[in-house]
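Below is one structure; the comments refer to it alone.
The values are calculated or read from the model by the stated rules, or taken from the named source; none is laboratory data. Since the model is a prediction, treat every value here as computed from it, not as a measurement. Counting neighbours? That spans all protein chains shown, and the Cβs are built from the backbone with ideal geometry, glycine included. For accessibility, only protein heavy atoms count, side chains too; no ligands or nucleic acids. Shrake-Rupley method; radii C 1.70, N 1.55, O 1.52, S 1.80 Å.
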Amino acid sequence: MKRLIKEVGWFGIIFILALLIILSPGFIILVTNNNKNFVETPVVNVQLPESPVSYSEITELINVKRAQNGKRPALMINNTLNMSAQLKANDMILGNYWDHNSPTGEEPWKFFDRVGYKYKKAGENLAKCYTTAESVVNAWYDSPAHKENILGDYKEVGYGVGTFSDGCLLIVNHFAAY
């Protein structure tokens, strides 16, 4: 592995992983209806890694917070956003960093772009070392910037997960409106 990293670098490994995901049999093109305007959007049926934290439970808890604050619509999990969030999680684990921007200065929006998700508005929440959906959502809700994403004018969410070398679980949450 060290030899491979030395020869192709971290970006090369991430690129290869992304290609493997995109070229897998689960990659399809979906035509979605966006106010009667049809847009081609790549959709990947991403099998998220096993996690002690349920992504659907996180989404349900976020939607409860949104409803309590009069925010509609309820957020829906989107497979393309799952892919962008998983690419970001992979990048963070492989690059061993904890930040919204990578050490090379890459912003979160690049991961949305890489999977072809066309958005009008996007946001990202990160969680590290939480073991339940409730603890993740409560921590985000207690942070003004993360709460802003939870209550934002978004329609869809996606999740990525990884485990840092210290054993801490990483959860990446992408929000978007198209």
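Some observations on this one:
- Net +/- balance of residues flanking Ile150 in space, Cβ distance below 9 Å, scoring K and R +1, D and E -1: +3
- Where labels lie 7 Å past Cα in the beta-carbon direction, separation of Asp153 and Glu107 in nm: 1.8 nm
- Ordered from largest to smallest accessible area (heavy atoms of protein chains, 1.4 Å probe), the residues Trp140, Trp109 come out as Trp109, Trp140.
- Ranking by accessible area, most exposed first, for Ser135, Ser102, Ser56 with a 1.4 Å probe: Ser56, Ser135, Ser102
- For Thr59, solvent-accessible area (1.4 Å; no DNA, RNA or ligand), Å²: 10 Å²
- Extension gain, Tyr141 to Ala74: 0.36 nm times the residue separation minus the Cα-Cα distance gives 22.5 nm.
- Each residue was assigned an accessible area with a 1.4 Å probe, and for Lys65 the value is about 40 Å².
- Here each label is just a point 7 Å from Cα along the line to Cβ, and for Ser54 and Phe164 those points are 2.7 nm apart.
- Ellipsoid equivalent to the range 42-178 - semi-axes via the Cα gyration tensor, in Å: 21, 18, 14
- Among the protein heavy atoms, those of Asp153 account for about 100 Å² of accessible surface (1.4 Å probe, every chain in place).
- Residue list for the range 144-178, given a label point 7 angstrom along the Cα-to-Cβ vector of Asn96 and an amide N cut-off under 16 Å: 163-168
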